[in-house]
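Okay, structure first, notes after.
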Amino acid sequence: MTAVDPPLDPLQDLLRVLDLRSLGDAHISVEGVEGDEESDLGESAATVFVGESQKQPHGRVFGGQVLAQAVVAAGRTVDGAGGLARAGVEAGASRPIHSLHGYFVRPGDDKHPIRFAVERIRDGRSFSTRRVHAIQYGVPILSMIASFQLPAEGLDHEDSMPAAPDPESLPTVADRLDEVDHPAARAFSRSRPIDLRHVEGDLYLTPRSQPASRQSVWLKATGELPDDPLLHAAVLAYASDYSLLEPVLRRHSLAWSDPRLRVASLDHAMWFHRPARADEWTLYTQHSPSAQGGRGLAMGRMYASDGRLVASVAQEGMVRLKDD
């Protein structure tokens, strides 16, 4: 009888999918309009990585996962000699990510590997810019551009962290969903690598009576992470996609359990202001200024537990109610 390996802890599974394997370099050719020399962009080099996916009840790749993998892929081409030596700057200089802007182009298949093609757009004295395409079956499922900056001194201010209850006093996802006899609820409850706790009450099963367009959640990885700043930024990007559209639902007294609801992330932007650890409690404040045309906009801020503003996030998503 063949021994079966026990399932991975959810956080270890996340670390597995973020541990991308390099496939080497490729060349991307962009041809211009015939007769217009300036429109011919020629060939550009791309470094290709490949990664697996976390299994999901619906079979589609979680958007935060592919976003986090793209952060890792881009960052792997910045630190160290790859690209920086050609720019005439010190090889091995650390340039943390400071922003990303991505579009979710197609749903991903969680059973099929994802390839990440990273283009080195520019390496300057202070900033490095990368473009990443996440590809399955020969077509992109995510297109992202990211920027990395050599740490520097400068003007410094930040908004203050709002008051919030202690995260340990709030119910966990398991507290809310462990008794629900449904595959999605069980996966949501037991397979998440992020401990997520709602300040104003969650929207998993029932809507809230007050139609507010704001909410806050505490979040952190369920265990300790390695001391790798790129990995912590990637895990924060991963976690940022979990609940950001919920203020849209809360404003319209909806819950995730509503069978009419159809939600999908369309784009995602994130700015990393200050160093942070994703395995320590982070307060994620969120609000939705507008919803229209089957789309909802949400914006968020992430505060470390000591009050530092560590990141800002924005996302627009498709939010539709299917007719009965």
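Determine the relative contact order of region 170-324: mean sequence separation of Cα pairs under 8 Å and six or more apart, normalised by residue count, in whole percent.
Reported relative contact order: 23 percent.
Calculated FRET efficiency, Val50 and Asp166, Cβ-Cβ r, R0 45 Å, to nearest 0.05?
0.60
Over the Cα atoms of region 112-163, what is the Rg over Rh ratio if Rh follows Kirkwood?
Expressed as Rg/Rh, it is 1.21.
Output wanted: per-residue J couplings in Hz (rounded whole) for region 106-115, from phi through Karplus 6.51 cos²θ - 1.76 cosθ + 1.60, θ = phi - 60°, x for Gly and Pro.
Per residue, the Karplus-derived 3J(HN,Hα) values read 9, x, x, 9, 6, 9, 10, x, 10, 9 Hz.
Would you please name the trypsin sites (Lys or Arg not before Pro) within region 278-324 that are DSSP coil residues with at most 16 other C-beta atoms within 10 Å of their C-beta?
Arg308, Lys322
Among the chymotrypsin sites (Phe, Trp or Tyr not before Pro) within region 108-153, which fall in a DSSP loop and have no more than 11 other Cβ atoms within 10 Å of their own Cβ?
Passing sites in region 108-153 are Tyr137.
Only counting other Cβ atoms within 10 Å, I'd like Leu177, Leu205, Leu219 sorted with the fewest neighbours first.
Leu205, Leu177, Leu219
Taking every pair of Cα atoms in region 170-324, average 1/r, invert it to obtain the Kirkwood radius, and report Rg/Rh to two decimals.
0.96
Would you order Ser305, Ser265 from fewest to most other beta-carbon atoms within 10 Å of each residue's own beta-carbon?
Exposure proxy ranking, most exposed first: Ser305, Ser265.
DSSP loop (so not H, G, I, E, B), at most 12 other Cβ within 10 Å: list which trypsin sites (Lys or Arg not before Pro) in region 207-279 pass both filters.
Here the sparse-neighbourhood loop sites are Arg260.
Please list, in chain and number order, the residues 5+ apart from Glu200 or on another chain whose amide H is under 5 Å from its amide H, with Hs placed from the backbone.
So Glu200 has HN proximity to Ser216.
Between Arg260 and Val139, how many nm apart are label points set 7 Å from Cα along the C-beta direction?
3.1
Taking 0.36 nm per residue of sequence separation and subtracting the Cα-Cα distance, how much length would be gained by fully extending the chain between Ala269 and Arg295, in nm to one decimal?
Between Ala269 and Arg295, full extension yields an extra 7.8 nm.
Rule-based calculations on the coordinates, nothing more; no lab input. These figures come from a predicted structure and were not determined experimentally. FYI the Cβ positions are ideal-geometry reconstructions off the backbone, even for glycines, and counts take in every protein chain you see.
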